[in-house]
Ligand code: URA
């Protein structure tokens, strides 16, 4: 059993305060009867809750992939900057989705969100070591010594020690970088430590997931099979 207002929030109907107003307006029914009491206990397995006649689903674990454009910070709120939350479409706005890890403001590409706190903590745990593949444009040209230094585990300019990583030069000023950790500005700092400052960065893969043909600025929900792979 759970409170009706919580059920409505988890169904994405709105925030706590919006749900209060909606309940007062009499638009919600439980098993066909109008219900205005926010504290009413319901059993989502056996009872049907409707808003304006439409059946609501309650909590459903969701993982969403965004192809992040540059110019948005990875935060749930920010007083100055635009946040990645603004890129979620209205139907995903009230589901308590949180970014899994972070991408810098200037970095583009694959960013996941979830409303499942356990999954979130498991995926950002340093123990998990999920490989993430980045495409970088940078100054200079990566050579065999750089590849070897990445593979051995770089020491950054501030003495931070990195785990072994993969550097694949693609051509002059272009490389793929695979890292299994998520330190602050990690890829930019790794490349800078080898004299190759990054001018453009895009995350293309995270574990088994790739951006595929998801357009920049768009989101898509992961399937249950994809969530299991994570
Ligand atoms: N490494 C960076 O430097 N920036 C990112 O956004 C992600 C990885």
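Could we say that residue 110 is closer than 23 Å to residue 63 by Cβ, without any contact (Cβ under 8 Å) to a residue 40 or more places away in the chain and surrounded by 13 or more Cβ atoms within 10 Å (Cβ to Cβ) here?
Judged against the criteria, residue 110 is not a match.
Only one residue in 228, 218 is at pLDDT below 95 and either surrounded by 16 or more Cβ atoms within 10 Å (Cβ to Cβ) or out of contact with any helix residue (DSSP H, G or I) (no Cβ under 7 Å at 6 or more places or on another chain) (or both). Which one?
Result: 228 is the single residue among 228, 218 that is at pLDDT below 95 and either surrounded by 16 or more Cβ atoms within 10 Å (Cβ to Cβ) or out of contact with any helix residue (DSSP H, G or I) (no Cβ under 7 Å at 6 or more places or on another chain) (or both).
Any idea how many residues of region 182-206 are surrounded by fewer than 16 Cβ atoms within 10 Å (Cβ to Cβ) and more than 9 Å from the ligand (Cβ to nearest atom)?
Of the residues in region 182-206, 4 are surrounded by fewer than 16 Cβ atoms within 10 Å (Cβ to Cβ) and more than 9 Å from the ligand (Cβ to nearest atom).
Filter region 115-128 for residues that are within 16 Å of the ligand (Cβ to nearest atom) and either touching a residue at least 60 places away in the same chain (Cβ under 8 Å) or crowded, with 19+ Cβ neighbours inside 10 Å (or both) and give the result.
Within region 115-128, 123 is the sole residue that qualifies.
Hand me the list of strands (runs of 3 or more DSSP E) wholly inside region 1-95 holding 1 or more residues that are surrounded by fewer than 17 Cβ atoms within 10 Å (Cβ to Cβ) and in contact (Cβ under 8 Å) with a residue 12 or more places away in the chain.
So the answer is 28-30, 49-51.
Restricting the search to region 167-202, which residues are part of a strand (DSSP E or B), touching a residue at least 60 places away in the same chain (Cβ under 8 Å) and touching a helix residue (DSSP H, G or I) at 6+ places or on another chain (Cβ under 9 Å)?
Matches in region 167-202: 198, 201.
Against the condition within 13 Å of the ligand (Cβ to nearest atom) and surrounded by fewer than 18 Cβ atoms within 10 Å (Cβ to Cβ), how does residue 151 come out, does it pass?
Considered against the rule, which asks whether it is within 13 Å of the ligand (Cβ to nearest atom) and surrounded by fewer than 18 Cβ atoms within 10 Å (Cβ to Cβ), residue 151 comes out as no.
Taking region 81-95, which residues are more than 12 Å from the ligand (Cβ to nearest atom) and out of contact with any helix residue (DSSP H, G or I) (no Cβ under 9 Å at 6 or more places or on another chain)?
Those that are more than 12 Å from the ligand (Cβ to nearest atom) and out of contact with any helix residue (DSSP H, G or I) (no Cβ under 9 Å at 6 or more places or on another chain): 81, 82, 83, 85, 86, 87, 88, 89, 90, 91, 92.
For residue 158, indicate whether it is more than 11 Å from the chain's Cα centre (by Cα) and at pLDDT below 95.
In short, yes.
Name the single residue that is farthest from the ligand (Cβ to nearest atom) among those in region 207-222 being assigned to a loop (DSSP other than H, G, I, E, B) and farther than 15 Å from residue 133 by Cα.
For region 207-222, the residue satisfying everything is 213.
Out of all the residues in region 129-145, is one or more farther than 19 Å from residue 177 by Cβ and either away from the ligand (no atom under 15 Å from the Cβ) or surrounded by fewer than 14 Cβ atoms within 10 Å (Cβ to Cβ) (or both)?
no
Does residue 179 meet the test of being within 13 Å of the ligand (Cβ to nearest atom), in contact with a strand residue (DSSP E or B) (Cβ under 8 Å, 6 or more places away or on another chain) and more than 17 Å from residue 106 (Cα to Cα)?
Criteria met by residue 179.
Considering only residues of region 96-114 that are in contact with a helix residue (DSSP H, G or I) (Cβ under 9 Å, 6 or more places away or on another chain) and assigned to a strand (DSSP E or B), which is farthest from the ligand (Cβ to nearest atom)?
Looking at residues that are in contact with a helix residue (DSSP H, G or I) (Cβ under 9 Å, 6 or more places away or on another chain) and assigned to a strand (DSSP E or B), I get 114.
Restricting attention to region 136-158, does a residue exist that is under 23 Å from residue 123 (Cα atoms) and assigned to a strand (DSSP E or B)?
Among the residues of region 136-158, not one is under 23 Å from residue 123 (Cα atoms) and assigned to a strand (DSSP E or B), which makes the answer no.
The values are calculated or read from the model by the stated rules, or taken from the named source; none is laboratory data. Since this is a predicted model, take the numbers as computed values, not measurements. Reconstructed Cβ throughout: ideal geometry from the backbone, glycine too, with neighbour counts over all protein chains shown.
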